[in-house]
Amino acid sequence: MRQIFLCVFCLVFSFSFAQDKTHTSYIDVNYFRGNIALHNNEILHLIKGHPKGVILAWNKKTYGFEDWEQRFNYPDYGVSFSYQNMKNDILGNNYALYAHYNFYFLKRNIMFRIGQGLSYNTNPYHKETNFKNVAFGSKFGSSTYVMLNYKKERIIDKFGLQAGFSLIHYSNANVKSPNNGTNSITFNVGVTYSLDNQDLEYQHTIDKKQDQAFSEPIKYNLAFRTGINESDVVGSGQYAMYVISAYADKRINKKSAFQLGADVFFSNFLKELIYYKSVSFPEENISGDEDHKRIGVFAGHELFVNKTSLETQLGYYVYYPFDFEGRVYVRIGLKRYFAKKWFAALTLKAHGARAEGVEFGLGVRL
């Protein structure tokens, strides 16, 4: 029995060791300092001092043992945590937890990181105690950050350096008003520390010409999206929204597909906004009977990264009975495929720089 147990243990250990050899990992710690950009005059009174903070990240390095890693020049992926002192007691401080990817360019000297996650604000808007904070309408929100750095690992033993610029965005995507959000443009400098004794060799096994020649027949997609949001009128209430999307896509290679389709929006917050406008602003000639539904057509692109993809769409309302933020809209977000045909999606719909809501979706690609 002991011999059998020992053999099993050795096999498991060997398998685990072999699995570990397909990746290595490292951490980086970055200090940043910068300015809050004036993207909206309503936050002018909130811009004071130079916000600063720290971004701590754990990164898993890829070496091309899976095909998608080679297609994207061996990116890293991991999780990161940020703390930002907004240098204004009204704004409070922000904490955020992200999932991120690092992409590399120019012989891996330039790193571009994009992270998406959840944020927590210590002093959000309150109509009595903090009515000046029109940037953050709730404690919890979303955050996105991008980092463009010059980077060198293992300069001294396991230690390396990186430095560059970061853009950090906080908002709650209009889940609750007010929601003007902030964009911080910062300079960052950081230290990297490798958690493994040495890196692995990069694999070069895929046929790039074959990847580019890959294509699929036109696929048809049906998606249902939902979420909650509120109009820009503070205290008008949060309402559910529903979106039905139907579109076709044509995959032109292993990385990309183009889309063309239509959306039907059932935005219940507009019912309340239409009634509010009809009662409070008679000079706008709103009867109160306007339809809250909208129909849009869109063109889009899908970037496939393993089982996850990045989706971007540009749309135009062809049925638009009530004017809200203009006829043009954009959608950007992530999709995750499972069971071959099915996918889940997390997307942000906006009009220019103004978010309308976060959409949680399920769909099928036939």
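The values are calculated or read from the model by the stated rules, or taken from the named source; none is laboratory data. Keep in mind it's a predicted model, so treat the numbers as computed, not measured. Ideal geometry is used to build each Cβ from the backbone, glycine not excepted, and the neighbour counts take in all protein chains shown.
In region 285-304, is there at least one residue being farther than 16 Å from residue 273 by Cβ, part of a strand (DSSP E or B) and basic (Lys, Arg)?
Looking through region 285-304, none of the residues is farther than 16 Å from residue 273 by Cβ, part of a strand (DSSP E or B) and basic (Lys, Arg).
Just checking, which of 212, 238 is at pLDDT below 95 and out of contact with any Asp or Glu (no Cβ under 7 Å at 6 or more places or on another chain)?
Unique residue meeting the criteria: 212.
Would you pick out the residues in region 113-132 that are basic (Lys, Arg) and part of a loop (DSSP other than H, G, I, E, B)? First the steps, then the outcome.
Pass one, region 113-132, residues basic (Lys, Arg): 113, 127, 132.
Residues satisfying the conditions are 127, 132.
From 73, 35, grab the single residue that is modelled with pLDDT of 95 or more, touching a strand residue (DSSP E or B) at 6+ places or on another chain (Cβ under 8 Å) and in a loop (DSSP other than H, G, I, E, B).
Going through 73, 35 in turn, the sole match is 73.
Where residues in region 126-173 are acidic (Asp, Glu) and out of contact with any Gly (no Cβ under 8 Å at 6 or more places or on another chain), which of them is surrounded by the fewest Cβ atoms within 10 Å (Cβ to Cβ)?
This residue is 128.
Pull up region 209-232, narrow it to residues that are in a loop (DSSP other than H, G, I, E, B) and acidic (Asp, Glu), then point me to the one that is surrounded by the fewest Cβ atoms within 10 Å (Cβ to Cβ).
216
One line per residue, one yes/no per condition, for (1) touching a Phe, Trp or Tyr at 6+ places or on another chain (Cβ under 7 Å); (2) more than 23 Å from residue 119 (Cα to Cα):
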{"position": "39", "(1), (2)": "no, no"}
{"position": "44", "(1), (2)": "no, no"}
{"position": "52", "(1), (2)": "yes, no"}
{"position": "56", "(1), (2)": "yes, no"}
{"position": "62", "(1), (2)": "yes, yes"}
{"position": "70", "(1), (2)": "no, yes"}
{"position": "74", "(1), (2)": "yes, yes"}
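Under 9 Å by Cβ, and 6 or more places apart or on different chains, what pairs join a residue from region 205-223 that is closer than 17 Å to residue 340 by Cβ with one that is surrounded by 12 or more Cβ atoms within 10 Å (Cβ to Cβ) and among the aromatic types (Phe, Trp, Tyr)?
From region 205-223, the pairs are 220/247; 221/247; 221/343; 222/247; 223/247; 223/343.
Would you call residue 358 among the aliphatic types (A, V, I, L, M) and either under 22 Å from the mean Cα position of the chain (by Cα) or assigned to a loop (DSSP other than H, G, I, E, B) (or both)? Break it down stepwise before answering.
On the way: among the aliphatic types (A, V, I, L, M): yes; either under 22 Å from the mean Cα position of the chain (by Cα) or assigned to a loop (DSSP other than H, G, I, E, B) (or both): yes.
Judged against the criteria, residue 358 is a match.
Please find, among 274, 206, the residue that is touching an Asp or Glu at 6+ places or on another chain (Cβ under 9 Å), surrounded by 15 or more Cβ atoms within 10 Å (Cβ to Cβ), among the aliphatic types (A, V, I, L, M) and part of a loop (DSSP other than H, G, I, E, B).
Going through 274, 206 in turn, the sole match is 206.
Kindly indicate whether any position in region 329-346 is in a loop (DSSP other than H, G, I, E, B), surrounded by 18 or more Cβ atoms within 10 Å (Cβ to Cβ) and either outside the structural domain of residue 178 (by TED's automatic domain parsing) or of a type in the set (Phe, Trp, Tyr) (or both).
no
Applying the selection to region 277-298, what residues are within 24 Å of the chain's Cα centre (by Cα) and surrounded by fewer than 17 Cβ atoms within 10 Å (Cβ to Cβ)?
Residue satisfying the conditions is 297 alone.
Answer yes or no: is there a residue in region 302-311 that is without any contact (Cβ under 8 Å) to a residue 24 or more places away in the chain, surrounded by fewer than 17 Cβ atoms within 10 Å (Cβ to Cβ), of a type in the set (Val, Ile, Thr) and in contact with a strand residue (DSSP E or B) (Cβ under 7 Å, 6 or more places away or on another chain).
Checking region 302-311: not a single residue is without any contact (Cβ under 8 Å) to a residue 24 or more places away in the chain, surrounded by fewer than 17 Cβ atoms within 10 Å (Cβ to Cβ), of a type in the set (Val, Ile, Thr) and in contact with a strand residue (DSSP E or B) (Cβ under 7 Å, 6 or more places away or on another chain).
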